[in-house]
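Here's the structure we're looking at; comments come further down.
The values are calculated or read from the model by the stated rules, or taken from the named source; none is laboratory data. Remember, predicted model here, so these are calculated numbers, not experimental data. Please note: Cβ atoms are built from the backbone with ideal geometry, for glycine as well, and neighbour counts cover all protein chains shown.
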Amino acid sequence: MTKSQDEGSLLVDDSLVLGLGELARYRITVDQDCKELANLVENSQLYLTFKNTESALLRPIYLTGPYSFYVDLQPYNYDESKPFDEDVQFCDDVKPNDIFRAVLKINENSRIGETSKYSWHINISSQLSVTKIPTLGFRVCISTQKFREMPHLQISSVKGFSCEKWDTNQLWNLPPRFPDLPLHLVFLTHGIFSNVGCDMIYLKDKIEQISMGSSRSSVSNVVVRGFRGNQGRSSKGIKANGIRMGRFVIETIDELRRDFKLKYISFVGHSLGGPTQSMALRYVCLERPDIFDPKEGLEPMHFITLASPYLGVAGEVPPFVTLALDMGVLGQTGADLNLNRTFFMSKTGLVKRGDNLGKYKYRPLLEIIPSDPVISLIQRFKNRTTYANVLHDGIVPLRTAALLYLDWKGLGDVRGVRKDGGKEDTGTPEYSNKNNTTGEIPEEKMDKKSALKYMLPQAALRRGYKRYQRTQTRYPRSDGNKQDNSDGEEHIAPPPTANPLTSAANIVIAPLPTQEYLRNPKDRGDKIIHDKLYYPDELPPPHYSNRDLFKKIIYPNDRIYRVQERIARQWQETSTWRKVLVSLEPDSHNNIVVRRKFVNAFGWVVVDHLTKSHFGSESHSKGDIEKN
């Protein structure tokens, strides 16, 4: 052991190699009552030095990368929901051969209660996103003095200093809080070109954190798991990915049942994870119907999606995107999202063994998934919730994420969505009146684009409103008779359409949250703008049934819209859905799930709403929202 007051002491020196979807978490704890440590620490500070040890030649390579790391340092008392008086230290992109430095300040922000101990968490995530072949190496050091370069000292063993470490497998396989109580098993499913290990760790941490604050019960005895086998396989198709996940669900349930008693099960999916987990449910229902047996099986609790393309993306994105998907840019997944028919699809996972595809043979996969037995299982979930971005999401547009039918008139004009400051949402929808919506969007002064609309021919305006007019939900009359409000467009102000190329660019060039945003909750403008329960009897009549042949010919997207309408009605004709619309800064598609804690902090309000309203103590006391 080498120890020098001039050079300082090296307390931690660790090197690790991470692959796609892998992360490392360190917990540093110091005890100021230990004189040996107190004598080494100057100015009540320790120093973090992190280096990406990959070659600088890899910096411009993005096709198989990017070859960079995300790193953050969090004092023990940092809580994003409370004001904080110290800058948050993080780096969103530590490139090959780059060094990131941070300071561990021994002060009240890192102090554990009233004790003499101080603690910090260091999170390191691989930024690889496309293929599982490459790996990334890093070196992390904690020292008592600041070094200009990576230190070359032997590690000093000092009493009062400890370093704990968790890898990806350990973090995603934590034991239950109450082993003697029945478990609530929660599966998280990642989206396209994404992963569970790094991209959904914030959501996992928040679910576990909010459950820890609940009373001792089976519902709050949460165990969170995520399937990592689909990482790097985004182009393989929804069916193949869903079957792989379905097998993982079965294996996980059987494994946990050997040591614990399972009672509840929930699913949370982001982006493509929504259709993937739906396909997984279909596979489980067909292969192991005992798992969801109404008497002896698991009790379905929450089915939740965030920015998921229930209806695909055909007809919702520009023609050049549709053409690219048809040409195989995203492989079989692109064909599935384009609602292409399944002429040569295997029947595995779609029908029972020994049965033929029958009526499913010529239907798109996204139309097959919500048919029985899946839709019967969906009805049994205590909560069915979908979160959708109103703005800035050209990857999964609003209509497909919100299952087509919305109270467009109740939404108001989204042009003024950011004129009002962000507000913390309580996570509670309106139950007493079906008409009520929360967070109406405020008006703003007319801009030039809006003024131009008034000079356009009214026929042109009506054509733009029709697609929203047809999907306007109906309001019930006070006398119990239904009033069809789908006629007339005078109060419908559809939101602006997001460009998929802009949304893709925002992933790389989106602005980072400011320090004031990270430290002060009152400075945040992101918010829940609509939170409402939608009942089956609010659906308008189908528009695309019994269409004239002439209209089918002259309207190029007639088949697509007809299929989307059938899919949306399958999901909603027998089930109540809670639809939560959010307004987030770009990159809203990744922000909605908080892909990186501080980079995508604009989505904190969504994860906070999701966890409190589904896994918090308040959600346990409300009872069922709706059984059907």
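Here are the numbers for this structure:
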read-out	value
The stretch 20-59, subset over 21 Å from residue 153 (Cβ atoms) and of a type in the set (Gly, Ala, Ser), residue surrounded by the most Cβ atoms within 10 Å (Cβ to Cβ)	21
Count - residues of the stretch 304-344 that are part of a loop (DSSP other than H, G, I, E, B), modelled with pLDDT under 85 and crowded, with 16+ Cβ neighbours inside 10 Å	4
Per-region count, the stretch 326-358, residues within 18 Å of residue 565 (Cα to Cα) and basic (Lys, Arg)	1
Failed item, numbered, when residue 17 is tested on (1) β-branched (Val, Ile, Thr); (2) under 19 Å from residue 140 (Cβ atoms); (3) surrounded by fewer than 15 Cβ atoms within 10 Å (Cβ to Cβ); (4) at pLDDT below 90	(4)
Residues of the stretch 116-130 that turn out to be within 25 Å of residue 15 (Cβ to Cβ) and in a strand (DSSP E or B), as a count	8
Residues of the stretch 20-56 classified as closer than 21 Å to residue 136 by Cα, hydrophobic (A, V, I, L, M, F, W, C) and part of a strand (DSSP E or B), total	4
Meets criteria (hydroxyl-bearing (Ser, Thr, Tyr) and part of a loop (DSSP other than H, G, I, E, B)) for residue 67	yes
Residue in the stretch 209-220 that is closer than 18 Å to residue 299 by Cα, aliphatic (A, V, I, L, M), assigned by TED's automatic domain parsing to the domain that holds residue 280 and buried (at least 18 other Cβ atoms within 10 Å of the Cβ) present	yes
All positions within the stretch 338-366 that are touching a Phe, Trp or Tyr at 6+ places or on another chain (Cβ under 6 Å) and of a type in the set (D, E, K, R)	341
Inter-residue pairs, beta-carbon under 8 Å, first at negative phi and basic (Lys, Arg) and in the stretch 145-171, second in a helix (DSSP H, G or I) and loosely packed, with under 15 Cβ neighbours inside 10 Å, 6+ apart	159/36
Check on residue 214, in contact (Cβ under 8 Å) with a residue 60 or more places away in the chain and part of a helix (DSSP H, G or I)	no
Filter pass, residue 113 being outside any strand (DSSP E or B), of a type outside the set (A, V, I, L, M, F, W, C) and surrounded by 16 or more Cβ atoms within 10 Å (Cβ to Cβ)	no
Unique match (being free of Cβ contacts under 8 Å to residues at least 12 places away in the same chain and of a type in the set (D, E, K, R)) among 86, 114	114
